[in-house]
């Protein structure tokens, strides 16, 4: 892929509107474009990262026998009236009325709609259990959008819903989702913690949050160094009575055992094996997909720019040719790219007629895991200089050695 063709509008200076490091770097790197407060367009590099994150999510959700669907953006308000949550969500709900005088909203979440779908199609215990999920845009009229994608008015979310005949089935699906979520966040390169949580307006009995330590986090937990555990209350440690330290966190996922709150309110019943009519037992499992971009960057950057984890990087190798007009350098770079791409490795070639300093600054800013450099040294030694973005390790390799080095490193990360 050519830099000049992808559309990567990098910025030399920090945007005045940027509120934190992840916001700054995602805007400077041309991953996002701010349309208005809390409203962002995803530019080509941002879309590539979003797709990588979505693929990680799909891999782990599908491994737990969940099926993907896609629900609507426009939702009839009558669904919300059945559960009474129209009052709970009224401050953030964006409402519209169409030409037929139907009262609608732009979906802030989808528990009501998925329950209507279950009500329509699930009639017997033989159809259970079922786990459905989607990756969908949601809308909330935030009073104070902030920190870029951390709290925005329009955001992408993965929400999943389990339907079971009894509490034991719900507990089993809940454990599957708990495991899947931990694998998803690990694959995205996050240092995260899992804590028991309050179910809030979602309802239900059991709930867990997945939180990422970050300076801009809006959640606060207290950590005991002795017990190596987090607690919600600022108290000496409830286990050892030792001192605790305050830690700010970004919430990236939340899962709930909903029980029958929605199925009873909306009439989603099934017949059990004795012919008894019972409400479906539900669970709900959410991940802030777009929020993950900010959370990952908050934990993966240095003074030069972003350092993307392997599985979600927009490209795996950035090829920098110092002197793009030199036919020998360009031919050697093109051949390396051909061989890498034939091995399934995604490559970005900086083909711009720009000074070397500009190209290197952009390569570091974009955070692609490996930088392959073709310059004067290559003309003298026929060695390609490879720089590992995360560690700044530099090594000069011949073409065959370069291919082997990159394949081995990438394979090693994929197996982690």
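Summary of computed values
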quantity	calculated
Residue tally, condition more than 32 Å from the chain's Cα centre (by Cα) and either outside the structural domain of residue 156 (by TED's automatic domain parsing) or assigned to a helix (DSSP H, G or I) (or both), over region 266-293	0
Residue under evaluation residue 188, criteria (1) closer than 25 Å to residue 59 by Cα; (2) touching a strand residue (DSSP E or B) at 6+ places or on another chain (Cβ under 6 Å); (3) buried (at least 20 other Cβ atoms within 10 Å of the Cβ), criterion not met	(2)
Residue count for region 141-153, restricted to those that are surrounded by fewer than 20 Cβ atoms within 10 Å (Cβ to Cβ), touching a residue at least 12 places away in the same chain (Cβ under 8 Å) and touching a strand residue (DSSP E or B) at 6+ places or on another chain (Cβ under 9 Å)	3
Per-region count, region 1-15, residues assigned to a loop (DSSP other than H, G, I, E, B), touching a helix residue (DSSP H, G or I) at 6+ places or on another chain (Cβ under 8 Å) and within 25 Å of residue 334 (Cβ to Cβ)	3
All positions within region 154-173 that are surrounded by fewer than 21 Cβ atoms within 10 Å (Cβ to Cβ) and in a helix (DSSP H, G or I)	167, 168, 169, 171, 172
Residues of region 231-256 classified as modelled with pLDDT of 90 or more and either part of a strand (DSSP E or B) or on the phi > 0 side of the Ramachandran plot (or both), total	13
Per-region count, region 193-230, residues at pLDDT below 85 and either within 22 Å of the chain's Cα centre (by Cα) or buried (at least 17 other Cβ atoms within 10 Å of the Cβ) (or both)	5
Scan of region 233-265 for residues that are loosely packed, with under 14 Cβ neighbours inside 10 Å and either within 32 Å of the chain's Cα centre (by Cα) or within 30 Å of residue 293 (Cα to Cα) (or both), ordered by number	233, 234, 245, 246
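Here's the yes/no breakdown for (1) farther than 19 Å from residue 2 by Cβ; (2) modelled with pLDDT under 95; (3) in contact with a strand residue (DSSP E or B) (Cβ under 7 Å, 6 or more places away or on another chain):
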| site | (1), (2), (3) |
| --- | --- |
| 271 | yes, no, yes |
| 317 | no, no, yes |
| 335 | no, no, no |
| 341 | no, no, yes |
| 347 | no, no, yes |
| 352 | no, yes, no |
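The values are calculated or read from the model by the stated rules, or taken from the named source; none is laboratory data. For clarity, every value in this text was computed on a predicted model and none was experimentally measured. Neighbour counts are summed over all protein chains in view; Cβ atoms, including those assigned to glycine, are modelled from backbone coordinates with ideal geometry.
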